[in-house]
Amino acid sequence: MFSPRRAARAWAVAAVASGLPSTLHALATGGDVLRATRAAGTLVPGRRDRPGLVAGVAAHLVVSAAWTAALAAVDRRHHLGALGGGAAGLVIAAFDLEVAGRRHPAIRSLPRLPQWLDHVAFGALVGALLSDRGARPRRS
């Protein structure tokens with residue numbers, strides 16, 4: 001059964017935790033751990049060539065909320081779980097990085113594999129957290 005509370009929790013957790021692969025990659029390679037966040041700022045209208053941290057956080061939260069809503073709609077009819085969510089994350093990555101991201105040089109310049117892994121992690125987390133399994137039954 002769909003739960004707005006569960007969807008909000010899935011969004012919040014996945015929006016924060018799914019950046020772990022690219023963060024670890026940046027730390028391991030001496031890169032900028034906030035580069036991807038600033039690059040997301042170029043998605044804000046009028047900022048295509050102006051990456052920014054605040055705009056990036058806002059854009060990331062809005063995009064994550066939209067994808068969480070889309071996955072929640074799919075999950076209502078076809079239980080995703082972590083595996084299905086991870087597969088959905090691959091589709092989301094293809095769209096975000098290879099279709100929409102092509103128009104944004106800051107996004108296009110990001111290391112690809114860590115970004116793809118972030119998207120898979122996002123989908124897997126959302127799928128797992130939307131799952132009814134492990135949900136506590138309501139007390140009457």
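We did not get these values from a lab; they are worked out from the coordinates using the rules stated. Because the structure is a prediction, the values reported are computed rather than measured. We place every Cβ from the backbone using ideal geometry, glycine too, and count neighbours over all the protein chains shown.
Within segment 102-130, the residues that satisfy the criterion of being small (Gly, Ala, Ser) and under 14 Å from the mean Cα position of the chain (by Cα) are Ala121, Gly123, Ala124, Gly127, Ala128.
Evaluation of Ala124 against the conditions (1) touching a His at 6+ places or on another chain (Cβ under 9 Å); (2) under 19 Å from Trp11 (Cβ atoms) shows that the sole unmet condition is (1). Applying the criterion of being out of contact with any helix residue (DSSP H, G or I) (no Cβ under 6 Å at 6 or more places or on another chain) and charged (D, E, K, R) to the residues of segment 66-81, the residue that is surrounded by the fewest Cβ atoms within 10 Å (Cβ to Cβ) is Arg77. Pairs are defined by a Cβ separation below 7 Å, a sequence spacing of at least 6 or placement on different chains, a first member in segment 15-29 that is farther than 17 Å from Ala66 by Cα and touching a residue at least 24 places away in the same chain (Cβ under 8 Å), and a second member that is surrounded by fewer than 19 Cβ atoms within 10 Å (Cβ to Cβ) and of a type in the set (Val, Ile, Thr); the pairs so defined are Ala26/Val33. Exactly one residue among Arg50, Arg6 is farther than 18 Å from Ala121 by Cβ and surrounded by 15 or more Cβ atoms within 10 Å (Cβ to Cβ), and that residue is Arg6.
Table: residues versus (1) surrounded by 20 or more Cβ atoms within 10 Å (Cβ to Cβ); (2) farther than 22 Å from Arg48 by Cβ; (3) in contact (Cβ under 8 Å) with a residue 24 or more places away in the chain.
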{"site": "Leu83", "(1), (2), (3)": "no, yes, yes"}
{"site": "Ala88", "(1), (2), (3)": "yes, yes, yes"}
{"site": "Leu97", "(1), (2), (3)": "no, no, no"}
{"site": "Arg103", "(1), (2), (3)": "no, no, yes"}
{"site": "Arg108", "(1), (2), (3)": "no, no, no"}
